[in-house]
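The values are calculated or read from the model by the stated rules, or taken from the named source; none is laboratory data. Note that this is a predicted model, so its numbers are computed, not measured. Positions of Cβ are generated from backbone atoms using ideal geometry, with glycine treated the same way; all protein chains shown enter the neighbour counts.
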Amino acid sequence: MPGYDSFMCPNCESHFRVIWPDPLPSHQHRQSKIKIECPECHEVTELYDFLLARIKPDPSAGIPSVEIISISPRDPNPDPDVVLKFWRAIYAHRLEKHKAAYGPAR
């Protein structure tokens, strides 16, 4: 069964399916940076290929699809903390939304 790549935008936390170009560039690697635009908030994000989650089931009809804008060659010196920074950005955005809704903690 084929798998699909899924991504969660760190800004708005919407999930969407990533559509790869056909044919795939020869320089594409798991440490290549890809550039995609979120269909919800329209923020352009450049991230490593390995941050995309591979899902087995077909995405539901409600999940939007997005095409890749560009694929860079393999990064010879990838940031070792890239996954940590990705999740920190998500949690920082969640904290901002919480503060905006409920005010600062006392």
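Within the bounds of region 33-41, is there any residue that is of a type in the set (D, E, K, R) and modelled with pLDDT under 80?
The first filter runs over region 33-41 and keeps only residues of a type in the set (D, E, K, R), leaving 33, 35, 37, 40.
So of that shortlist, the ones also modelled with pLDDT under 80 come out as none.
Among the residues of region 33-41, not one is of a type in the set (D, E, K, R) and modelled with pLDDT under 80, which makes the answer no.
Looking across region 14-29, just one residue is under 28 Å from Arg94 (Cα atoms) and exposed (fewer than 14 other Cβ atoms within 10 Å of the Cβ), and that is Ile19. In region 61-83, the residues that are within 12 Å of Glu46 (Cβ to Cβ) form Cβ pairs under 8 Å with partners that are surrounded by 12 or more Cβ atoms within 10 Å (Cβ to Cβ) and among the polar types (S, T, N, Q), at six or more places apart or across chains, as follows: Ile71/Gln28; Ile71/Ser32; Ser72/Ser32; Asp75/Gln31; Asp75/Ser32. Residue check: Tyr102 meets all listed conditions (1) under 24 Å from Arg17 (Cα atoms); (2) hydroxyl-bearing (Ser, Thr, Tyr); (3) modelled with pLDDT of 80 or more but one, namely (1). Kindly establish whether Val44 is touching a Phe, Trp or Tyr at 6+ places or on another chain (Cβ under 7 Å), at pLDDT 85 or above and not charged (D, E, K, R). Here the answer is no, as Val44 does not meet what is asked.
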